[in-house]
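Q: Quick one: this structure, given as structure tokens, is what I'll be asking you about.
The values are calculated or read from the model by the stated rules, or taken from the named source; none is laboratory data. Quick caveat, the model's predicted, so the values are computed rather than measured. Cβ placement follows ideal geometry from the backbone for every residue including glycine, while neighbour counts extend to all protein chains displayed.
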Amino acid sequence: MEGAVAGASSPMLVFHPPGESHAEKHDSDVATLNVELDGSWLRRVTESVAPLEQPVEFAGDIVVTSGLQLLQEFKRNDTDSALAIESLT
């Protein structure tokens, strides 16, 4: 998937490992949220899941639902958003 162009018509979450080049192509209006994670976060996560050394696409599962909730809280930006974002991450 290195340097690949991904296109999606339904909600999805795509993980790109640090340093990977990527692009997005969409045939309609979309909302995107790009989050860059540092090495310490990735090390913590890989204690619980498989190593994240390759790109991974998630569609229609709890990972996507969590990503959509995170996007919603960023858009809402009210007094409770910071706490909600912290709990989601």
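Q: Looking at region 36-58, which of its residues are surrounded by 12 or more Cβ atoms within 10 Å (Cβ to Cβ) and either charged (D, E, K, R) or at pLDDT below 75 (or both)?
A: Listed by number, the residues that qualify are LEU52, GLU57.
Q: Does VAL64 meet the test of being within 19 Å of SER87 (Cβ to Cβ) and aliphatic (A, V, I, L, M)?
A: yes
Q: Note down all Cβ pairs under 7 Å where the first residue falls in region 9-27 and is without any contact (Cβ under 8 Å) to a residue 24 or more places away in the chain and in a strand (DSSP E or B), the second is loosely packed, with under 15 Cβ neighbours inside 10 Å and not aromatic (Phe, Trp, Tyr), and they're at least six residues apart or on different chains.
A: ALA23/VAL5; GLU24/THR32
Q: Within region 4-13, identify whether any single residue is at pLDDT 75 or above and touching a strand residue (DSSP E or B) at 6+ places or on another chain (Cβ under 6 Å), and answer yes or no.
A: yes
Q: Take LEU37 and decide whether it is part of a loop (DSSP other than H, G, I, E, B) and among the aliphatic types (A, V, I, L, M).
A: yes
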